[in-house]
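Working notes, beginning with the structure itself.
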Amino acid sequence: MTSSGSDTPLSSSATLSPPSSPRLKYLLDPPQESFYDNPHVQPSTIVEHISSQKSNSSFVYIFDLAEQVGFGTSTKAWARHGQSAPVVDLQTRAGAGLSLIGRLSQGTSAYADAKTVLTAYTTPAGLAQMTPSFSYLPQATAESRLVVQVPAVTSTGDTLSLSPSLASLAATWPLLSEGIVVLLSSTAQQSIDFANLAYQLKHSHVIHIFDHHTSGREFGQYISPPQPVAQESVAEALAASGYSLFEYAGDAHAHTALVLLNGPLALVAKAIVRNSPSSGLGVVIVNVLRPWNEDALRRTVPPSVRDIHVFDDVPNTLTHGSLHADVFSALWTPTSNLGIHARRITPSHTHRFLNSAEAFLQYVSDIVPSFPEDSVYIGAVAAKRLLLFSSPQSPISPLPRVVESLFTTGSIRGRLLMDYDIFSKQGGVAASRLLLSKQDSYHQLPLSIEVPTEPSAHGLVDFIGILDQKLLSTHQIFDLAKDNSVALVVTSWTTEELLANLPAVVTASILKKNLAIFTINSWDVATKLAGAPGSTHDAIQNIVTYLAFVRLYLGAAADEPLVQKLAQRVFQETFQGISISKVSSHAWVALEEIIVPVSSDPTPCPLKNFESNAIVVEADHGETFVNGSRLGSWHDAAKHLLFPSIYAPDETLASGERDHQDPSLRPEVPDRTFLVTCTVNRRLTPLDYNRNVFHLEFDSSGTGLKYAIGEALGVHGWNDEQEVLDFCTWYGVNPNHLVTIPVPGGEKLHTRTVFQALQQQVDLFGKPPKAFYTDLAAFATNPVDKHALSFIGSPEGAATFKKNSEKDTVTFADVLRMYPSAKPGVEKLCGLIEDIKPRHYSIASAQAVVGDRVDLLVVTVDWSTPNGETRYGQCTRYLAGLKIGQKVTVSIKPSVMKLPPSLRQPLIMAGLGTGAAPFRAFLQYLAWRAEQGEEIGPVYYYFGSRHQSQEYLYGEEIESWILDGVVTRAGLAFSRDGPKKVYIQHKMLEDSEILAKMLHNDEGVFYLCGPTWPVPDVYEALVDALVKYRGMEVVAAGDYLEGLKEEERYVLEVY
C-alpha cells in the first residue's frame, strides 16, 4: 500500500480519517475505473453511480425511505456538483408512484423530451406503496421507461433492527403488470451487473432489488466493471452477463429442493448445499421474478426432485406468498408425485436466520429430516473473525477502516461491514465486523452470519476490540468470542478500576471462555507524545490502538520491528514531527494483559445486546447522515432517532399538544392516526345530477392533528354495514362471534368480532389478485369449483382473470359466491383477503384559517357492471354515508402541493373537478394573509368541470375572492355548456403572454391537480406560451419547464 494519496489514512494535516473513498471528495469527477476493483468503494455506491449517470437516467427520483437507509445521499451530492442526472426529492405516500407516471405520461406530448428514462430510489416498503400506481404505466420504449433501484433493507420488530426481508412486498408481486421486469441480486458483483442490466433492457420497465443489508454496504469488495449487453430479451441479456433466470446449486440428483428469491438468505442456503454436495438437497435461486418463466424453472429443477419447499417472505405466518403460487403453477401436474410446500418466512425468521447459521441449519433439518445438519459447516475456512465495538463519536471510531486498509493487498482479503445501534446507548454504538480470509477461499456468505453480533451457544469471533470502556458495563460482548480468544480494551482506567467496573456476568463469561484480556491507554500515550487534545492527539490514539491490534493479531510471531514495519505500510513514517518508531515503542510498553479474578459480586446486572438499526453515510465536507438526516454529531444522532414520528415529538407542536398515539385506535396502521368527528356532510351538486360531489368538515379539537397547506388526509374507511351483514348471513357465520387475526404489517394478533374484522379491516369488497384464486382452490370441495379456481389462478387463465378483474370488476366476496364450495373458516378467510388501505384526499382547508377543522372535497365513485349491478368505491361510499357526529380515523400524508417561500410570487393554479381541493386551501390562506395587510402576488385560477350550474365547486367562494382581489383572474372551463368543448388548456392559451411572463420573468409557480389526462395538453399550452412570447425554441421551452420541476415551480398532483 502506498503511503500517500487517497489511500493514506493519516493526512498531512494531522486529521485522521478512514481511507477517503467513502467521502465525496474522492468520488467527485473520478476516472471511471476508480469505482471498480477498488476495495474502498461500497457496492451500493457503485449502484448509485450507474443509476445516476446522465447516459442512463434523465432524472433520478429519490424517495425519503431510500435516503433513510443511506441510499441516495451520494447521488444528491454528485448532482450538486453537476456530476449526475438531475435529482428530485419525493416523500413516500400512498400513490407515491403517480409522480413518475405523470412524468412518463408526458411522452405523449409533441414537446416531450426525446428520451425520458426515469430512475427511482426506494425501499421495499416504499415500493409496496408505489406499485398500485404502476398499473397506469405507459408501455416502455427505448425513449421512455422507468427503472426502480430498491436497496433491500427494512426496519423490523420491537427493536427496529434492520433486515433484508421483502415481507412488505408479499401483496405487491401479483399487482405487477407483465411489462415490468423484476431482478433480484445478492452478491456485490451481481448487484452491479444487474443495476447495469436494468438500463440495457430498453423495452421494459425494470425493478432491481439488491442486498443493502450486508454485501451492498461492505468495504473490501473488488468489483469488476459491468459488461455492455446488446441482447434485448431478459434471458438472453442475463446469459450474456453470465447469469440465468434461475440458478441451481447442490446435489445434481437431489430429492429435495429449496426455492428462494435471490438475496442474503439464498446465499446461506447455497453455502449449505455447497458444503454438503451429496446430501440429496438442492437450492433454486430466483434471479428474475417477473416475467415469470415456467419453462426455465422446469429446466432448472432436477428431475429427481420429489419435494420442493418454497420460501416466501411474508409479514406473518397466516399470509400466503405469491412465490409458492408461481412455483406451484409451473411444476404441479395432476399426475405428478411432486410435493410443493409453502414455507412462510416472516421478518423475525429472516432476522434469526441471518444472525445464526445454526438456526437456519436447524430449520432446514426440520423440513428435510434426511439433511445431515450436524456435519455441515458453512463459514469461511481458515478465516479470522474480528469484531470492534466503539462509540461513533469517539476519536478512535475510524480505527476499523484503518485496520481493514492493511488487508486490501496481498494474499489476505478483508471484508468490513459497519453497523450502528442508536437506541441502546446515548450517542450510539458502532459494531464493525471484519472477516479476514485467503483470497482463494473468498466467498460471499453474509457477514452477519460470518461475524454475528447476537450471542449463541458458542462464540465465533477470534478477536474482540472494545474501543469504549463504558460498553463493558452496558452490553453483552464477550459472549460473542471464541473460547481461548483475545480481546483488546482501550481504556483510561487502571487495572483496579477496570475490574471494579466489570459486572459479575461479564467476569463469568471471560473466565468460562478463558479469554486473554489486554488493555491499552491510547489517550495517555497520545498525551505523552502529542500534548494537548486536538487532531494530532486523536491521530496518535488511532496509531497506538492500531499497533496494539497488529501485535495481538500476529500473536507469538509479533516482535516490535515487525509491528513497526506493518504500521509503516499504512501510515507515514513521521507524523507531525513524531516518528512511527517512537509511537511504536510507547505502544509496545503500554499494552498490558490483565488477569480477571472470579467476581464475588452477586448483584445481577442485565446487559444489552447490539442491534443494527441505523445506517450511517459520510458525505462531502465530513457531513454525517444517519438514516437520511444530516446531523452535526453523534450526540445529536441519539436525539434524532430512526423514526422521529415514533420516538421524537414534532418540535412544531406546543408541549401541551404532543398527544401520543392511542394504541386502541387502528393499532395496525403505521402512520400516526387521529379520531376526528364529522360535523358537515353537504352535497354540492344537485340531487338530479349524475355526479355526487360533496363537502366534508371534521372537528379535530383535542386530537393534536396538525396539517400543512396542500397535505392529504388519509381516511381509514369501512365497508358498508349492510353488505357485510348480508355476506355474513350468506357465508353462515355469526357476525358477533370472536376471531383472532393478525395485525396487518406484523406478527402480532388481535381479537375482534367477525363483523368488526369484515367491516373495518378486511377488504372483502375489493379486487382480488390472481393468487387469491389459487389459494382459495385448496378449500373447494366441489371438483368443478377447484378446477375453475386453479385455472383462473394459472397462467392459462390469464384472460379469464383479466375479464373478472377489469370488465366484471369482481370482488373477493363475488368470487366466494361464484364458487360456493370454497368456504375457508372465517379466520383463514381474513388471512387470504388483503386489508383495507387508507384512501388519501387533498385537504381543502388551511388550518391557520379554520383552526381545529379539516375539510375534504370528494366525489362518489360508482359504476355499472356488465350485468347492470351498480358498484361503489369503498371509501367514497363510506364518506358519503357519514352522519353528523360520527367518528372517523384519519392520518396525514405530505404532498408536493405547497405554497412558495414568498407569497409575492405569481401563482397559477389549474384544478379539474375535485382537484380544486388544495387550491381552496391555498386561496383561504392567501385571503387571510391579505386581510392582515400582507401583499400577495397575482393569482390565476383555472378550473374545469362539465356544467357551471351543477359543478362549479366552491363557486361562491371563488367569486368572492375575485371581488376581493385575491384571485386576479379566473379561467373557468365548463366543457359541456357550449356548442364546443372547452377545457382548461384552452383558457390557459387565452392568457399565454402573461403566463409566460409569470413563469419566465417573475418566479411564478404552476400547479395542476386532478386526473392525468390533461397533463400533455397543459404542458403543450405552457410550452407554446414560452415559444411565442419568450422567443424560446420548443426543446428549450420543454427543458425550461423540466427545470422548473427541480425548483418546485412546476408541480403536478395527478391521479
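Observations
- Counting DSSP beta bridges with both ends in the chain, the antiparallel % (nearest 5): 50
- Here Tyr1029 sits with roughly 80 square angstrom of accessible surface, probe radius 1.4 Å.
- Each of the peptides 384-395, 134-145, 174-185 was scored by the mean count of other Cβ atoms within 10 Å over its residues; in descending order, highest first, they stand as 384-395, 174-185, 134-145.
- Lysines whose Cα lies under 30 Å from that of Lys513, excluding same-chain neighbours fewer than 8 positions away: Lys384, Lys425, Lys438, Lys470, Lys482, Lys608
- Residues with amide H under 5 Å from that of Gln572, placed H, sequence gap 5 or more: Leu10
- Over 18 Å (Cα to Cα) - which of Lys54/Lys76; Lys76/Lys898; Lys767/Lys883; Lys786/Lys823 fall in this group: Lys76/Lys898; Lys767/Lys883
- Entry comment: accessible area of region 915-1025 is 41 Å² per residue, from protein heavy atoms only and a probe of 1.4 Å.
- Rounded to whole numbers, the Karplus 3J(HN,Hα) couplings from phi for region 356-370 are 8, 4, 4, 5, 6, 4, 5, 4, 5, 5, 5, 8, 10, x, 7 Hz, using 6.51 cos²θ - 1.76 cosθ + 1.60 with θ = phi - 60°, and x at Gly and Pro.
- The apolar share of the surface of the chain, taken as the fraction of accessible area on carbon and sulfur atoms (1.4 Å probe, ligands and nucleic acids excluded), comes to 52 percent.
- The long axis of helix 917-931 is offset from the longest Cα principal axis of the chain by roughly 90 degrees.
- Paramagnetic label zone (point 7 Å from Cα along Cα-to-C-beta, Thr679; backbone N under 14 Å) in region 839-870: 845-856
- Spacing of the two label points (7 Å from each Cα toward its C-beta) at Leu963 and Ala252, in nm: 9.0
- Net charge of neighbours whose Cβ lies under 9 Å from the Cβ of Asp483, counting Lys and Arg as +1 and Asp and Glu as -1: +3
- D (Stokes-Einstein, µm²/s), Kirkwood Cα radius, region 249-367, 0.692 mPa s at 37 °C: 226
- Cα-based reach from Lys981 at 27 Å (exclusive), listing lysines while leaving out same-chain residues under 8 positions away: Lys1028
- Surrounding net charge for Gly339, when Lys and Arg each add one and Asp and Glu each subtract one, Cβ distance under 10 Å: 0
- FRET efficiency, 1/(1 + (r/R0)^6) with R0 51 Å, evaluated for Ala296 and Ala508 via beta carbons: 0.40
- Each residue, His203 and Glu497, gets one label point 7 Å from its Cα in the Cβ direction; the gap between the two is 7.3 nm.
- Sorting the segments 701-707, 447-453 by their mean number of nearby beta carbons within 10 angstrom, highest to lowest, gives 447-453, 701-707.
- In range of the label at Gln886: residues from region 849-865 whose backbone nitrogen is under 20 Å from the point 7 Å along Cα→Cβ: 853-863
- Angle of helix 721-731 to the longest C-alpha principal axis of the chain, folded into 0 to 90 degrees and rounded to 10: 70°.
- Here the simple spin-label model places points 7 Å from the Cα toward Cβ, and for Asn690 and Asp559 these points are separated by 9.8 nm.
- Using alpha-carbon coordinates, inclination of helix 322-331 to the longest axis of the chain, degrees: 90
- Along the axis of the charge dipole computed for the chain (Cβ charges of +1 for Lys and Arg, -1 for Asp and Glu, origin at the Cα centre), the listed residues Ile50, Val1035, Gly250 are led at the positive end by Gly250.
- 1.4 Å probe accessible area per residue over region 25-241, in Å²: 30
- Per residue accessible area in Å² of region 249-367, where ligands, DNA and RNA are left out and the probe is 1.4 Å: 35
- One equal scatterer on each Cα of the chain, no solvent, Debye formula: the resulting log10 I(q)/I(0) at q = 0.08 Å⁻¹ is -0.91.
- Amide proton proximity set for Arg145, modelled H, under 5 Å, gap of 5+: Thr116, Val117, Leu118
- In terms of the mean number of neighbouring beta-carbon atoms within 10 Å, the peptides 793-806, 554-567, 422-435 order highest first as 422-435, 793-806, 554-567.
- The calculated FRET efficiency for the pair Thr865 and Thr317, based on their C-beta separation and a Förster distance of 41 Å, comes to about 0.70.
- Surrounding net charge for Ala799, when Lys and Arg each add one and Asp and Glu each subtract one, Cβ distance under 14 Å: 0
The values are calculated or read from the model by the stated rules, or taken from the named source; none is laboratory data. Just so it is clear, the model here is predicted, and its values are computed rather than measured. Glycine gets a Cβ as well: all are built from the backbone with ideal geometry, and neighbour counts include every protein chain shown. Heads up: the accessible areas ignore ligands, DNA and RNA and are worked out on the full protein's heavy atoms, side chains in. Shrake-Rupley method; radii C 1.70, N 1.55, O 1.52, S 1.80 Å.
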